[in-house]
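Student: Sharing a structure with you now.
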Amino acid sequence: MKVLSALLLAAVAVEGHYTFPRLVVNGKAVEDRDWLVTRQTKNAQSKSGIENPSSGDIRCYSSTTAPQVATVPAGATVNYISTQQINHPGPTQYYLARVPAGSSAKTWDGSGNVWWKFASTMPSYDANKQLVWPAQNTYATHPAVIPANTPSGEYLLRVEQIALHMASQANKAQFYLSCSQINITNGGNGTPGPTVSLPGAYRSNDPGIQVNIYNLQPDAYRAPGPASWQG
């Protein structure tokens with residue numbers, strides 16, 4: 001009986017995992033198959049999350065580069081299709097990193113103090129007074145708007161959803177993420193920031209990473225990382 005229970009728990013855990021293999025821009029998928037613009041992550045089969053926020057995987061999940069670059073206008077709304085239902089509670093955050101001159105979005109690794117956040121979701125109560133986040137229990141990440149004043153150029157676009165259902169323990173929050181290769185057009189002359197490095201921006205005991213969401217008011221949650229740049 002104990003063996004059966006363990007197997008059932010393992011099956012539920014696997015079903016709760018997901019990846020984000022397709023980018024959506026202004027409500028339209030820009031990839032007609034998985035991992036065309038979005039870099040294929042090494043968890044493409046296991047769909048497991050990252051539990052150590054100091055790991056090098058936290059940047060783009062040790063992904064292979066993708067064959068194409070998507071054109072995305074500044075001011076566009078972006079989100080991602082999920083392979084499974086995003087059923088774990090936790091915030092969705094979006095980052096951008098501009099590709100340095102002389103490099104290409106198809107090959108650049110995103111290293112350095114170059115990432116800036118432009119969106120993060122906050123929770124509310126459901127009917128049972130449990131914390132829920134926007135787009136939870138759906139098959140797509142919550143959308144975000146790329147600030148209109150973002151300078152034109154090639155970027156890596158990074159999405160993460162942080163599952164907090166076990167996060168009261170150290171290194172038990174789970175990060176699900178993807179990085180896409182994009183070229184932002186019709187941009188502005190803003191100076192995005194503050195910038196951070198990944199890894200480097202998060203610690204396992206950050207309040208938004210190690211947290212008991214079952215004893216927390218919705219407005220008391222503070223997502224990890226820098227403040228969002230709004231342009």
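Just so you know, all these numbers are worked out from the coordinates, no wet-lab data involved. Worth saying up front: this structure is predicted, and the values here are computed from it rather than measured.
Student: Expressed as a whole number of Å, what is the distance separating the alpha-carbon centroids of the stretch 50-102 and the stretch 134-161?
Tutor: First find each Cα centre; the distance between them is then 8 Å.
Student: Cα axis of helix 2-15 to longest principal axis of the chain: angle in degrees, 0 to 90, nearest 10?
Tutor: 20 degrees
Student: Moving to a separate point now. May I ask you to list the lysines whose Cα is less than 26 Å away from that of K106, ignoring any residue fewer than eight positions away on the same chain?
Tutor: Candidates past the 8-residue exclusion: K28, K42, K47, K117.
Student: Still on this structure, please answer the following. Given Cα pairs under 8 Å that are at least 6 residues apart, what percent is the relative contact order of the chain? Show your work: numbers first, answer last.
Tutor: Values: 577 pairs, mean separation 58.2, N = 231.
The normalised contact order for the chain reaches 25 percent.
Student: Tell me, what ³J(HN,Hα) does each residue in the stretch 193-201 have, in order and in whole Hz, if you take phi through Karplus 6.51 cos²θ - 1.76 cosθ + 1.60 with θ = phi - 60° and put x for Gly and Pro?
Tutor: x, x, 9, 9, 9, 10, x, x, 6
Student: To continue, here is another question. Specify the residue with the greatest mean-square fluctuation among A140, A101, A29, computed from a Gaussian network of the chain linking alpha-carbon atoms under 10 Å apart.
Tutor: In the Gaussian network model the winner is A101.
Student: While we're here: Convert each backbone phi in the stretch 61-77 into a coupling constant with the Karplus relation 6.51 cos²θ - 1.76 cosθ + 1.60 (shift: θ = phi - 60°), then list the ³J(HN,Hα) values in order as whole Hz, x for Gly and Pro.
Tutor: Karplus-based 3J(HN,Hα) across the stretch 61-77 equals 6, 6, 8, 8, 6, 9, x, 10, 10, 8, 8, 10, x, 4, x, 6, 8 Hz.
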